[in-house]
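Chemist: Here it is, the structure in full.
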Amino acid sequence: MTEQTTDQPWPHGQALLDDIAGTAPAQGSIALWHIGQSGFVVRGGGTTLVFDPYLVSSPRRTWQPPFAPEQLRDVDVVFCSHDHGDHLDPVAVKGLAAASQWTRFVVPDSARAKMEGLGVTGERLVLAQVDQTLRLGGRSVRGPVMHDAAEVTVHTVPAAHGDKANPIAEAVWERDPERGYRFVGFVVDVAGVRLYHAGDTTVYPGMVERLAGLSIDVALIPINGRDWFREQKGIIGNTDHREAADLGHAIGARVIVPMHYDMFAGNPGFPGWFVDYCAAQYPGQDFHVPVRCRRWLYAK
């Protein structure tokens, strides 16, 4: 059980869990809660989705998890964009799997062995193939329990990330011949809204062209950036505040939401810089910087 302090100025604990469970957006809208790093809870069409949950307590974190994963019940689909601990967190996976027996976990091929080692197997484990579209859901998503969940459509795209600091420019997005695609992003349709979760990524050749024709409503893009000094410490970064704004605008996203900036003191991003740059360069572009764990409603 994650300890909760009483001095957190953002929603947490049972109050946050009740807010998630009690939110029922209308068709054509979704509710999002940023739970830290690249983690989001999304509600739409009677469906609960979770993206890249990082919920293990750790002294490395600048703020502790807002709830324990086993407390978040009735989750339909969990997405993990790649096998790094702050995106595929074993504590979060085990807790969410135990809390909801029908939850499905969508991961790239390269994460299959890790997920199976965590006890997620069979129909609960969905391998996301790049450039293919999966349809999950409807009333069958919770097994024998009749539940009016919306159908969830998932289109998987490559992400450009890496594991090594040398060479400095290493960021892979092609398919590995043995492991498949190691890093992916997800374009998810739920309740009439199209959401793009970029995972960990930099911009790679053909990325804009892949995404520009998909009519994305909300784009969640990292802003922590990358640089030589961090990479010498083994920290492989992502798009920065400028690239996130440029990418979101180039692909035609209606709203750009920055992520991956708030969890580790040695690997921060700067949402204020994102706001300044996006507002100056793209005056007509909508964006939103989420408050920790506070509900944000997007409506088309």
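The values are calculated or read from the model by the stated rules, or taken from the named source; none is laboratory data. Please read all numbers here as calculations on a predicted model, not as lab measurements. Neighbour counts are summed over all protein chains in view; Cβ atoms, including those assigned to glycine, are modelled from backbone coordinates with ideal geometry.
Chemist: How many residues are outside any loop (DSSP other than H, G, I, E, B) and free of Cβ contacts under 8 Å to residues at least 40 places away in the same chain if we restrict to region 274-300?
Modeler: 8
Chemist: Could you check, for region 156-164, whether at least one of its residues is in a strand (DSSP E or B), under 24 Å from A111 (Cα atoms), of a type in the set (A, V, I, L, M) and modelled with pLDDT under 95?
Modeler: Yes, because at least one residue in region 156-164 is in a strand (DSSP E or B), under 24 Å from A111 (Cα atoms), of a type in the set (A, V, I, L, M) and modelled with pLDDT under 95.
Chemist: Also: Against the definition (of a type in the set (D, E) and assigned to a loop (DSSP other than H, G, I, E, B)), how does D19 come out, yes or no?
Modeler: When the stated conditions are applied, D19 does not pass them.
Conditions tested, residue by residue: (1) buried (at least 17 other Cβ atoms within 10 Å of the Cβ); (2) farther than 27 Å from G180 by Cβ; (3) of a type in the set (S, T, N, Q); (4) modelled with pLDDT under 95.
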position: A31; (1), (2), (3), (4): yes, yes, no, no
position: V106; (1), (2), (3), (4): yes, no, no, no
position: K114; (1), (2), (3), (4): no, no, no, no
position: G122; (1), (2), (3), (4): no, no, no, no
position: P144; (1), (2), (3), (4): no, yes, no, yes
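Chemist: Return the residues of region 23-45 that are closer than 17 Å to T153 by Cα and either in contact with a His (Cβ under 7 Å, 6 or more places away or on another chain) or among the hydroxyl-bearing types (S, T, Y) (or both); say none if nothing qualifies.
Modeler: Passing the criteria: only S29.
Chemist: What number of residues within region 213-228 satisfy the criterion of being of a type in the set (V, I, T) and either touching a helix residue (DSSP H, G or I) at 6+ places or on another chain (Cβ under 6 Å) or modelled with pLDDT under 95 (or both)?
Modeler: Adding up the residues that qualify gives 2.
Chemist: Further, regarding this structure: Among the candidates R210, R179, R194, single out the residue that is within 18 Å of the chain's Cα centre (by Cα), of a type in the set (D, E, K, R) and modelled with pLDDT of 75 or more.
Modeler: R194
Chemist: Of the residues that make up region 258-267, is at least one modelled with pLDDT under 95, in contact with a strand residue (DSSP E or B) (Cβ under 8 Å, 6 or more places away or on another chain), in a loop (DSSP other than H, G, I, E, B) and of a type in the set (S, T, N, Q)?
Modeler: Yes, there is a match, as at least one residue in region 258-267 is modelled with pLDDT under 95, in contact with a strand residue (DSSP E or B) (Cβ under 8 Å, 6 or more places away or on another chain), in a loop (DSSP other than H, G, I, E, B) and of a type in the set (S, T, N, Q).
Chemist: Could you tell me which residue of region 244-297 is farthest from Y54 (Cα to Cα), considering only residues that are polar (S, T, N, Q) and surrounded by fewer than 18 Cβ atoms within 10 Å (Cβ to Cβ)?
Modeler: Per the stated criteria, the residue is Q281.
Chemist: Further, regarding this structure: Going through V50, V91 one at a time, which residue ends up being of a type in the set (A, V, I, L, M), under 14 Å from I20 (Cα atoms) and out of contact with any Lys or Arg (no Cβ under 9 Å at 6 or more places or on another chain)?
Modeler: V50
Chemist: Inspect all residues belonging to region 219-232 and state whether any of them is in contact with a strand residue (DSSP E or B) (Cβ under 7 Å, 6 or more places away or on another chain) and surrounded by fewer than 17 Cβ atoms within 10 Å (Cβ to Cβ).
Modeler: No, because not a single residue in region 219-232 is in contact with a strand residue (DSSP E or B) (Cβ under 7 Å, 6 or more places away or on another chain) and surrounded by fewer than 17 Cβ atoms within 10 Å (Cβ to Cβ).
Chemist: Considering G252, G248, which residue is small (G, A, S) and outside any loop (DSSP other than H, G, I, E, B)?
Modeler: G248
Chemist: Please enumerate the residues belonging to region 94-105 that are in contact (Cβ under 8 Å) with a residue 40 or more places away in the chain and within 13 Å of D52 (Cα to Cα).
Modeler: Residue satisfying the conditions is L96 alone.
Chemist: What do you reckon, is P205 assigned to a loop (DSSP other than H, G, I, E, B) and at pLDDT below 95?
Modeler: yes
Chemist: Could you please tell me which pairs satisfy a Cβ distance under 8 Å, a separation of 6+ or placement on different chains, a first residue in region 218-244 that is in contact (Cβ under 8 Å) with a residue 60 or more places away in the chain, and a second residue that is aromatic (F, W, Y) and surrounded by 20 or more Cβ atoms within 10 Å (Cβ to Cβ)?
Modeler: If the second residue must be aromatic (F, W, Y) and surrounded by 20 or more Cβ atoms within 10 Å (Cβ to Cβ), the pairs left are V218/Y196; V218/Y298; L220/F40; L220/F51; L220/Y196; P222/Y261.
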